[in-house]
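Report on the structure given below.
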Amino acid sequence: MTGFKNFLLRGNLVELAVAFIMGAAFATVVTAFTAWITSLIPGGTDAFNNDEPLGAFLNALIAFLLIAAVVYFFIVMPYTKAKEKYFPAEEPGEPADVALLTEIRDLLAQRGGQV
């Protein structure tokens, strides 16, 4: 079970799944928006008497916002909390390798640069 937990929390699996869900939902918004804009072109259907393209766009936009809220509150927030719990971030400051290189540099400077 530990390996599966590491697979879920260490990799970009959750980020990729969220990106796929949000991309699919946003594609619907773009399609509905395009249909609405093309209905406004002169010579096409009368956009002021036919609210179907505008209604479809608003419906897609509201659905996108609801999907975004559900994904954020039920996937992103719990994932972030679990990731912080099981894999805490490093302390702010210098990374260990940079600190080691700085220490080596200081020791060499104390010796007068002689190796």
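For the stretch 72-106, residues that are small (G, A, S) and assigned to a loop (DSSP other than H, G, I, E, B) total 2. Looking across the stretch 82-104 at every residue that is among the charged types (D, E, K, R) and either surrounded by 10 or more Cβ atoms within 10 Å (Cβ to Cβ) or touching a residue at least 12 places away in the same chain (Cβ under 8 Å) (or both), the one that is nearest to K5 (Cα to Cα) is identified as K83.
Taken over the stretch 61-81, the residue count meeting the criterion of being within 18 Å of L16 (Cα to Cα) and either at pLDDT below 90 or surrounded by 11 or more Cβ atoms within 10 Å (Cβ to Cβ) (or both) is 12. Of all positions in the stretch 39-55, at least one carries a residue that is modelled with pLDDT under 95, of a type in the set (A, V, I, L, M, F, W, C) and in contact with a Pro (Cβ under 9 Å, 6 or more places away or on another chain).
Any residue in the stretch 1-21 that is in a helix (DSSP H, G or I) sitting within a Cβ distance under 7 Å of a residue that is surrounded by 12 or more Cβ atoms within 10 Å (Cβ to Cβ) and among the small types (G, A, S)? List the pairs, counting only those 6 or more apart or interchain. That search, which allows pairs on different chains as well, returns L9/A82. Among residues of the stretch 35-47 that are part of a helix (DSSP H, G or I), those with a Cβ under 8 angstrom from a residue that is modelled with pLDDT under 80 and of a type in the set (V, I, T), sequence gap 6+ or separate chain, pair up as S39/T45. Looking across the stretch 4-19 at every residue that is at pLDDT 80 or above and farther than 13 Å from A82 by Cβ, the one that is surrounded by the most Cβ atoms within 10 Å (Cβ to Cβ) is identified as V18.
The values are calculated or read from the model by the stated rules, or taken from the named source; none is laboratory data. This structure is a prediction, so every number in the text was calculated from the model and none was measured. Using ideal geometry, Cβ is built from the backbone for each residue, glycine included, and neighbour counts are taken over all protein chains shown.
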